[in-house]
Each structure stands twice: as C-alpha cells, then as structure tokens.
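> I have a structure here, written as structure tokens, and I will follow up with some questions on it.
The values are calculated or read from the model by the stated rules, or taken from the named source; none is laboratory data. Since the structure is predicted, the reported quantities are computational estimates derived from the model, not experimental observations. Note: ideal-geometry Cβ built from the backbone for every residue, glycine included; neighbour counts use all protein chains shown.
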Amino acid sequence: MEIIFALDEIETIAQNFLQIVNPHKVFAFSGDLGAGKTTFINALCKQLGVTESVTSPTYSIIQEYAGADRDIIYHIDLYRLKSDREAMDAGVEDAINSGEICMIEWPERAPSIFPDKTVYAAFEILSDHTRKLVVQLP
C-alpha cells in the first residue's frame, strides 16, 4: 500500500495506519535521515495513548513507553548498530519477541532478527512537506 501525505496530516495518517496494521505488533520503519520515521512513531505513540515525550532512542537504542491500558510500547533505533549480533546484545530481539508493540527504525542494520509477521514501512521524501509511505503487510 502506498500513501502520500503532507506532514500536517501525520496524526490522521497514524490513526489510519494503526487500523490497517491491527493486530500486528512489530513495525520496521526505513527511510533516509529526516524522512519522518521518528515523527511518525511519535504520532503512532500518541494514538496509542502515550502521554510522555517520544524522542529518538539513537543513543539508548531502546525506549520504553506506557500506552493506554498500561501497554508497553518499545521504540527502537538501530542506526548506530552494525550487525544482528549487536542488536541481540542490546536486547532488541528480546523486545521484538516480548509480544508488546515494537517500532523499529533502521531495520536494515539487523535484518535477520525480524519475525515473519513484521510490518515494513518505508518513507520517501517527496518535498519539504510531503512524504510517501509504502507499507508492506506480512
């Protein structure tokens, strides 16, 4: 599925995305720096009831948020990692296999750790204010 949207529509796109991908729990977001991965994950977390600030976990690798009904949402950034082994050592595989919602940026850094039921979403910058989102369901 392909979605083209203006950045000011991101809340609505996030809400629609969650309806489309339900009941999947592992989401892999790819795209160039500045393509909107973290911004989109922020909008998704807001839709899932996260009230705290959502920031990129580039240095911590894994951020954990509490969603509605105390659900755990993992936000994972693999940008600084160089291999599947580094991802496993950082606990990424444990988060992915936890049964909780996991939103992972830069999945191409550790491609073999993703389960078959992963939803892949790729962002492309079309202009300063417009993005293309291509969603691949399992």
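> Would you point out the residue of segment 85-138, among those that are part of a strand (DSSP E or B) and among the β-branched types (V, I, T), that is surrounded by the most Cβ atoms within 10 Å (Cβ to Cβ)?
Per the criteria, the residue is I104.
> What single numbered condition from (1) more than 13 Å from the chain's Cα centre (by Cα); (2) surrounded by 15 or more Cβ atoms within 10 Å (Cβ to Cβ) fails to hold for E11?
Here E11 clears every test but (2).
> For segment 78-98, state whether one or more residues are within 17 Å of Q19 (Cα to Cα) and of a type outside the set (V, I, T).
No, segment 78-98 contains no residue that is within 17 Å of Q19 (Cα to Cα) and of a type outside the set (V, I, T).
> Name the residue, out of A43, A90, A95, A35, that is over 15 Å from Q136 (Cα atoms), of a type in the set (A, V, I, L, M, F, W, C) and more than 14 Å from the chain's Cα centre (by Cα).
That would be A90, the only listed residue that is over 15 Å from Q136 (Cα atoms), of a type in the set (A, V, I, L, M, F, W, C) and more than 14 Å from the chain's Cα centre (by Cα).
> Working only within segment 36-60, note down all residues that are buried (at least 18 other Cβ atoms within 10 Å of the Cβ), modelled with pLDDT under 95 and in contact with a Lys or Arg (Cβ under 9 Å, 6 or more places away or on another chain).
G36, V54
> State which residue pairs qualify: first residue more than 19 Å from D116 (Cα to Cα) and inside segment 78-102, second residue surrounded by fewer than 16 Cβ atoms within 10 Å (Cβ to Cβ) and at pLDDT below 95 in any location, beta carbons under 7 Å apart, and separation of 6 or more residues or different chains.
What qualifies is Y79/T58; R80/T58.
> Let me ask something additional. So which strands (runs of 3 or more DSSP E) stay within segment 17-81 end to end and still have 2 or more residues that are in contact with a Ser or Thr (Cβ under 8 Å, 6 or more places away or on another chain) and closer than 15 Å to P107 by Cβ?
In segment 17-81, the matching strands (runs of 3 or more DSSP E) lie at 26-30, 72-77.
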